[in-house]
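Participant: First the structure, which I've put down as C-alpha coordinates, then a few questions once you've had a look.
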Amino acid sequence: MLTLDHLAVSAQTLEAGVAAVEDRLEVRLSPGGKHPAMGTHNRLLRLGPGLYLEVIAIDPAAPAPGRPRWFDLDRFAGPPRLTTWIARCDDLDAALALAPPGAGVPMDLARGDLRWRMAVPEDGRLPFDGLFPALIAWQGRAHPAALLPETGCRLAGLELVHPRADALRQALTGLIGEPLIALHQGPAPALRALIDTPSGRRVLE
(Lines give C-alpha, C1' and ligand atoms only; values in the text may rest on other atoms or scores of the structure.)
Protein backbone atom coordinates (compact mmCIF):
# COMPACT_ATOMS: atom_id res chain seq x y z
CA MET A 1 0.00 0.00 0.00
CA LEU A 2 1.21 3.49 -0.87
CA THR A 3 1.39 6.44 1.52
CA LEU A 4 1.42 10.10 0.52
CA ASP A 5 5.05 11.22 0.93
CA HIS A 6 5.52 14.67 -0.56
CA LEU A 7 4.39 17.22 -3.14
CA ALA A 8 6.50 18.79 -5.87
CA VAL A 9 6.18 22.37 -7.12
CA SER A 10 8.06 22.67 -10.41
CA ALA A 11 9.67 25.91 -11.52
CA GLN A 12 11.85 27.20 -14.33
CA THR A 13 14.28 28.48 -11.70
CA LEU A 14 14.55 27.52 -8.06
CA GLU A 15 14.51 31.18 -7.03
CA ALA A 16 11.20 31.80 -8.81
CA GLY A 17 9.64 28.69 -7.32
CA VAL A 18 10.72 29.51 -3.78
CA ALA A 19 9.48 33.10 -4.09
CA ALA A 20 6.09 31.95 -5.36
CA VAL A 21 5.55 29.40 -2.59
CA GLU A 22 6.84 31.64 0.20
CA ASP A 23 4.61 34.47 -1.00
CA ARG A 24 1.57 32.21 -1.13
CA LEU A 25 2.07 30.41 2.18
CA GLU A 26 3.81 33.23 4.07
CA VAL A 27 6.44 30.88 5.49
CA ARG A 28 10.12 30.32 4.73
CA LEU A 29 11.37 27.24 2.94
CA SER A 30 14.35 25.28 4.22
CA PRO A 31 17.51 24.42 2.29
CA GLY A 32 17.30 21.25 0.27
CA GLY A 33 20.11 20.06 -1.95
CA LYS A 34 21.22 18.87 -5.35
CA HIS A 35 20.40 15.70 -7.30
CA PRO A 36 23.43 14.96 -9.51
CA ALA A 37 21.74 12.03 -11.27
CA MET A 38 18.96 14.34 -12.48
CA GLY A 39 20.68 17.72 -12.70
CA THR A 40 18.14 19.34 -10.37
CA HIS A 41 18.06 21.10 -7.01
CA ASN A 42 15.34 21.88 -4.47
CA ARG A 43 14.12 23.64 -1.34
CA LEU A 44 11.81 22.04 1.23
CA LEU A 45 8.91 22.68 3.60
CA ARG A 46 7.66 20.36 6.33
CA LEU A 47 3.93 19.60 6.16
CA GLY A 48 3.74 17.27 9.13
CA PRO A 49 5.15 13.91 10.25
CA GLY A 50 6.39 12.00 7.22
CA LEU A 51 5.10 14.65 4.80
CA TYR A 52 6.74 17.61 3.07
CA LEU A 53 6.72 19.86 0.00
CA GLU A 54 9.61 20.46 -2.36
CA VAL A 55 10.20 23.22 -4.88
CA ILE A 56 12.31 21.72 -7.65
CA ALA A 57 14.00 23.09 -10.76
CA ILE A 58 16.78 22.31 -13.19
CA ASP A 59 20.14 23.23 -11.66
CA PRO A 60 21.88 25.51 -14.19
CA ALA A 61 25.25 24.68 -12.65
CA ALA A 62 24.84 20.92 -13.10
CA PRO A 63 25.74 18.93 -16.20
CA ALA A 64 22.87 17.49 -18.20
CA PRO A 65 21.97 14.01 -16.90
CA GLY A 66 21.94 12.36 -20.33
CA ARG A 67 18.34 11.21 -19.86
CA PRO A 68 14.95 12.89 -19.36
CA ARG A 69 14.68 14.48 -15.92
CA TRP A 70 11.99 13.46 -13.45
CA PHE A 71 8.72 15.38 -13.09
CA ASP A 72 8.96 16.18 -16.84
CA LEU A 73 11.14 19.17 -15.94
CA ASP A 74 12.78 19.25 -19.37
CA ARG A 75 9.46 20.38 -20.86
CA PHE A 76 8.32 22.57 -17.99
CA ALA A 77 7.31 26.14 -18.88
CA GLY A 78 5.28 28.92 -17.33
CA PRO A 79 4.98 30.10 -13.74
CA PRO A 80 5.82 27.81 -10.79
CA ARG A 81 3.04 25.35 -10.06
CA LEU A 82 2.19 22.11 -8.30
CA THR A 83 2.90 19.33 -10.79
CA THR A 84 3.49 16.06 -8.98
CA TRP A 85 2.60 14.09 -5.90
CA ILE A 86 4.92 11.39 -4.63
CA ALA A 87 3.84 8.26 -2.77
CA ARG A 88 6.12 6.01 -0.77
CA CYS A 89 6.08 2.26 -0.40
CA ASP A 90 8.11 -0.45 1.28
CA ASP A 91 8.53 -2.53 -1.89
CA LEU A 92 9.03 -0.46 -5.04
CA ASP A 93 9.08 -3.44 -7.39
CA ALA A 94 5.80 -4.75 -6.01
CA ALA A 95 4.17 -1.33 -6.33
CA LEU A 96 5.36 -0.98 -9.92
CA ALA A 97 3.86 -4.37 -10.74
CA LEU A 98 0.44 -2.94 -9.83
CA ALA A 99 0.98 0.47 -11.44
CA PRO A 100 -0.06 1.43 -14.98
CA PRO A 101 2.48 1.25 -17.81
CA GLY A 102 4.94 4.12 -17.84
CA ALA A 103 5.10 4.55 -14.06
CA GLY A 104 8.87 4.35 -14.23
CA VAL A 105 12.04 2.33 -13.90
CA PRO A 106 13.69 1.99 -10.45
CA MET A 107 16.74 4.15 -9.84
CA ASP A 108 19.02 4.23 -6.80
CA LEU A 109 19.44 7.84 -5.68
CA ALA A 110 21.09 9.80 -2.87
CA ARG A 111 21.36 13.30 -1.45
CA GLY A 112 23.57 13.81 1.57
CA ASP A 113 22.64 11.20 4.16
CA LEU A 114 19.38 10.34 2.39
CA ARG A 115 19.10 7.21 0.28
CA TRP A 116 16.12 6.11 -1.77
CA ARG A 117 14.87 4.16 -4.77
CA MET A 118 12.51 5.93 -7.11
CA ALA A 119 10.60 4.94 -10.21
CA VAL A 120 11.52 7.45 -12.92
CA PRO A 121 9.66 7.31 -16.25
CA GLU A 122 11.97 6.77 -19.21
CA ASP A 123 10.50 9.82 -20.96
CA GLY A 124 10.09 11.82 -17.74
CA ARG A 125 6.29 11.79 -17.97
CA LEU A 126 4.16 10.05 -15.36
CA PRO A 127 0.90 8.35 -16.39
CA PHE A 128 -2.36 10.31 -16.51
CA ASP A 129 -0.63 13.55 -17.51
CA GLY A 130 1.47 13.46 -14.33
CA LEU A 131 -1.43 12.83 -11.94
CA PHE A 132 -0.44 9.24 -11.19
CA PRO A 133 2.03 9.50 -8.32
CA ALA A 134 5.77 9.14 -8.60
CA LEU A 135 6.73 6.09 -6.53
CA ILE A 136 9.50 6.18 -3.94
CA ALA A 137 10.98 3.78 -1.39
CA TRP A 138 13.23 5.33 1.25
CA GLN A 139 16.26 3.30 2.27
CA GLY A 140 17.07 3.23 5.98
CA ARG A 141 15.33 5.33 8.62
CA ALA A 142 16.19 8.85 7.39
CA HIS A 143 13.34 10.87 5.90
CA PRO A 144 13.45 14.55 4.84
CA ALA A 145 10.38 15.56 6.87
CA ALA A 146 12.08 14.52 10.11
CA LEU A 147 15.06 16.76 9.30
CA LEU A 148 13.02 19.90 8.58
CA PRO A 149 12.03 22.58 11.09
CA GLU A 150 8.43 22.91 12.21
CA THR A 151 6.62 25.74 10.38
CA GLY A 152 3.05 25.18 11.51
CA CYS A 153 2.02 24.09 8.00
CA ARG A 154 -0.16 21.03 7.48
CA LEU A 155 -1.62 19.49 4.35
CA ALA A 156 -5.42 19.61 4.63
CA GLY A 157 -6.19 18.00 1.30
CA LEU A 158 -4.92 17.14 -2.16
CA GLU A 159 -7.32 17.47 -5.09
CA LEU A 160 -6.67 15.63 -8.36
CA VAL A 161 -8.66 16.78 -11.40
CA HIS A 162 -8.55 14.79 -14.64
CA PRO A 163 -10.73 14.23 -17.73
CA ARG A 164 -10.37 10.47 -17.19
CA ALA A 165 -10.99 10.56 -13.46
CA ASP A 166 -12.66 7.13 -13.42
CA ALA A 167 -9.66 5.50 -15.12
CA LEU A 168 -7.25 7.23 -12.72
CA ARG A 169 -9.38 6.12 -9.77
CA GLN A 170 -9.23 2.55 -11.02
CA ALA A 171 -5.45 2.76 -11.44
CA LEU A 172 -5.11 3.92 -7.82
CA THR A 173 -7.56 1.40 -6.36
CA GLY A 174 -5.74 -1.15 -4.25
CA LEU A 175 -2.58 0.97 -4.24
CA ILE A 176 -3.52 3.86 -1.98
CA GLY A 177 -6.33 4.69 0.39
CA GLU A 178 -5.39 8.19 1.48
CA PRO A 179 -8.16 10.26 3.13
CA LEU A 180 -6.43 13.53 2.18
CA ILE A 181 -6.78 12.78 -1.55
CA ALA A 182 -9.91 13.70 -3.50
CA LEU A 183 -10.30 12.85 -7.19
CA HIS A 184 -12.58 14.89 -9.45
CA GLN A 185 -13.66 14.88 -13.08
CA GLY A 186 -12.57 18.00 -14.97
CA PRO A 187 -11.79 19.31 -18.45
CA ALA A 188 -8.02 19.47 -17.91
CA PRO A 189 -5.50 17.81 -15.56
CA ALA A 190 -4.83 19.80 -12.41
CA LEU A 191 -3.44 19.42 -8.90
CA ARG A 192 -4.50 21.54 -5.92
CA ALA A 193 -3.10 21.33 -2.41
CA LEU A 194 -4.99 22.79 0.53
CA ILE A 195 -2.45 23.81 3.16
CA ASP A 196 -3.21 25.12 6.63
CA THR A 197 -0.60 27.71 7.61
CA PRO A 198 -0.15 30.03 10.60
CA SER A 199 -1.83 32.69 8.42
CA GLY A 200 -4.81 30.50 7.53
CA ARG A 201 -5.67 28.04 4.78
CA ARG A 202 -3.94 28.54 1.46
CA VAL A 203 -4.25 26.81 -1.92
CA LEU A 204 -1.28 25.79 -4.05
CA GLU A 205 -1.99 24.81 -7.64
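Participant: Does any residue of region 131-145 turn out to be charged (D, E, K, R) and closer than 21 Å to Val9 by Cα? It would help to see each step written out before you state the result.
Facilitator: Initially, region 131-145 is screened for residues charged (D, E, K, R), giving 141.
From what is left, the residues that are closer than 21 Å to Val9 by Cα are none.
No, region 131-145 contains no residue that is charged (D, E, K, R) and closer than 21 Å to Val9 by Cα.
Participant: For residues in region 98-137 being part of a loop (DSSP other than H, G, I, E, B) and at positive phi, which is surrounded by the most Cβ atoms within 10 Å (Cβ to Cβ)?
Facilitator: Going through the qualifying residues, I end up with Gly104.
Participant: Give the residue, chosen from Thr151, Thr197, that is of a type in the set (S, T, N, Q), in contact with a Cys (Cβ under 6 Å, 6 or more places away or on another chain), within 16 Å of Leu51 (Cβ to Cβ) and touching a residue at least 12 places away in the same chain (Cβ under 8 Å).
Facilitator: Criteria check complete, one pass: Thr197.
Participant: Shifting gears a bit: Determine, yes or no, whether Ala8 is assigned to a strand (DSSP E or B), in contact with a helix residue (DSSP H, G or I) (Cβ under 6 Å, 6 or more places away or on another chain) and without any contact (Cβ under 8 Å) to a residue 60 or more places away in the chain.
Facilitator: no
Participant: Which of the residues spanning region 25-69 are surrounded by fewer than 22 Cβ atoms within 10 Å (Cβ to Cβ), within 20 Å of Thr83 (Cβ to Cβ) and acidic (Asp, Glu)?
Facilitator: If the condition is that a residue be surrounded by fewer than 22 Cβ atoms within 10 Å (Cβ to Cβ), within 20 Å of Thr83 (Cβ to Cβ) and acidic (Asp, Glu), then Asp59 is the only one that fits.
Participant: Further question: What number of residues within region 195-205 are out of contact with any helix residue (DSSP H, G or I) (no Cβ under 9 Å at 6 or more places or on another chain), over 14 Å from Leu45 (Cα atoms) and in a strand (DSSP E or B)?
Facilitator: Number of matching residues: 2.
Participant: I've got another one for you. Going by what's in this entry, would Ala94 be described as part of a strand (DSSP E or B), among the small types (Gly, Ala, Ser) and at pLDDT 95 or above?
Facilitator: no
Participant: Looking at (1) farther than 19 Å from Gly50 by Cα; (2) in contact with a helix residue (DSSP H, G or I) (Cβ under 6 Å, 6 or more places away or on another chain); (3) in a strand (DSSP E or B), which is the one condition that is false for Val161?
Facilitator: Condition (2) is where Val161 drops out.
Participant: Please find, among Leu126, Leu114, the residue that is of a type outside the set (Gly, Ala, Ser) and under 30 Å from Thr173 (Cβ atoms).
Facilitator: Values: Leu114 fails: under 30 Å from Thr173 (Cβ atoms).
Result of the check over Leu126, Leu114: Leu126.
Participant: Among (1) within 17 Å of Ala20 (Cβ to Cβ); (2) free of Cβ contacts under 8 Å to residues at least 24 places away in the same chain, there is one condition Thr84 misses while meeting the rest; what is its number?
Facilitator: Of everything listed in (1) within 17 Å of Ala20 (Cβ to Cβ); (2) free of Cβ contacts under 8 Å to residues at least 24 places away in the same chain, Thr84 misses just condition (2).
Participant: Kindly provide the set of residues from region 154-194 that are crowded, with 16+ Cβ neighbours inside 10 Å, in contact (Cβ under 8 Å) with a residue 60 or more places away in the chain and small (Gly, Ala, Ser), ordered by number.
Facilitator: Ala171, Ala193
Participant: Moving on to the next point. So how many residues does region 42-67 have that are among the small types (Gly, Ala, Ser), part of a loop (DSSP other than H, G, I, E, B) and in contact with a Ser or Thr (Cβ under 9 Å, 6 or more places away or on another chain)?
Facilitator: Residues meeting the conditions: 2.
The values are calculated or read from the model by the stated rules, or taken from the named source; none is laboratory data. Since this is a predicted model, take the numbers as computed values, not measurements. Because the Cβ atoms are built from the backbone with ideal geometry, glycine has one as well, and the counts that use them run over all protein chains shown.
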